[in-house]
Amino acid sequence: MRLLIVLFVIALGGCKSSPQYLNTNTLMDQYPTIGVLTLSTESSLDAFEPELTAFYQTKIESELMSKGFKVVNADVVRDFQTEFEENSTGLYNVNTGQMNETLANQLFVKALQRAAIELQVDAFLFVGVDTVRATFSNNIFSSYVASWYGQEETYLSEGVDAGDVLGSLFVQKTGYLPGARLYLRFRDPDNNLLSLAGGGIELLARFDDDGEVQTKTSDKLFDDENELLQALQLAFSDLASHKQKKK
């Protein structure tokens, strides 16, 4: 089975100014009790969700507790959200089936607020694995690696000689490949984004000797525990590195 990656969607993402994310210490000071939801993956990575959850969930919770946070399971948020959606009217257009995004967001906030009260938590942590852009350059001094969220990996498939592929990449001096990222997304009960941190795991596709993008087969993905662990360390290092504005 091959993993289907829509490369052009990744390439279209534009650059945005960095928001003021809270770092670990500020989160601990202002939101000491965190409701953690079970890890989720984007739809293209659903097949890997059970193994990624088994690897990351307890490690992330232990890491938070080691930094002084009180950790509470907050999967009830999804239960409340489902309940509110099932009991609402007008969530879907009866003619087109299209979801009313405004109403859906309101119900999600309602679920967060109810969970915050019942669990007595200050904020929520959404953990997941998604696909982001990994930047590469064909400059000889780049060592033929793509980089994203602290991670680096060669952008050439196994057995591919750099001399065979660089000619086809020469006109594209820089570009993007899909890379898997572990993310930590903190939100308050009003669904305001408090902080976001990430750690790169591995590339989901690389170049073959014809210079064509070749997706990795599923048996070659998420099979290296050292890579998975490094992504976790990178994510928490990213969280700790956010600079706070002086008051």
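The values are calculated or read from the model by the stated rules, or taken from the named source; none is laboratory data. Note that this is a predicted model, so its numbers are computed, not measured. Counting neighbours? That spans all protein chains shown, and the Cβs are built from the backbone with ideal geometry, glycine included.
Remarks
- Identification of helices (runs of 4 or more DSSP H) wholly contained in the stretch 24-110 with 2 or more residues that are under 28 Å from Lys243 (Cβ atoms) and out of contact with any strand residue (DSSP E or B) (no Cβ under 7 Å at 6 or more places or on another chain) yields 24-30, 49-66.
- Every pair of residues 6+ apart whose Cβ atoms lie under 8 Å, when the first sits in the stretch 174-197 and is over 14 Å from Ile34 (Cβ atoms) and touching a residue at least 60 places away in the same chain (Cβ under 8 Å) while the second is aliphatic (A, V, I, L, M) and part of a loop (DSSP other than H, G, I, E, B): Leu177/Leu204; Pro178/Ile5; Pro178/Leu204; Ala180/Leu204; Ala180/Leu221
- Positions within the stretch 142-164 being aliphatic (A, V, I, L, M) and modelled with pLDDT of 85 or more, in sequence order: Val145, Ala146
- If you go through the stretch 60-78 and keep only what is loosely packed, with under 15 Cβ neighbours inside 10 Å and in contact with a helix residue (DSSP H, G or I) (Cβ under 8 Å, 6 or more places away or on another chain), you end up with Lys67, Gly68.
- Here Lys173 fulfils each of the conditions (1) surrounded by 13 or more Cβ atoms within 10 Å (Cβ to Cβ); (2) at pLDDT below 95; (3) of a type in the set (Lys, Arg) apart from (1).
- From the list Ala197, Ala240, Ala180, the one residue that fits, being outside any strand (DSSP E or B) and modelled with pLDDT of 95 or more, is Ala240.
- Qualifying residue in the stretch 89-97 (condition: at pLDDT 90 or above and not aliphatic (A, V, I, L, M)): no
- Any hit, the stretch 210-232, residues being buried (at least 22 other Cβ atoms within 10 Å of the Cβ), over 14 Å from the mean Cα position of the chain (by Cα) and assigned to a strand (DSSP E or B): no
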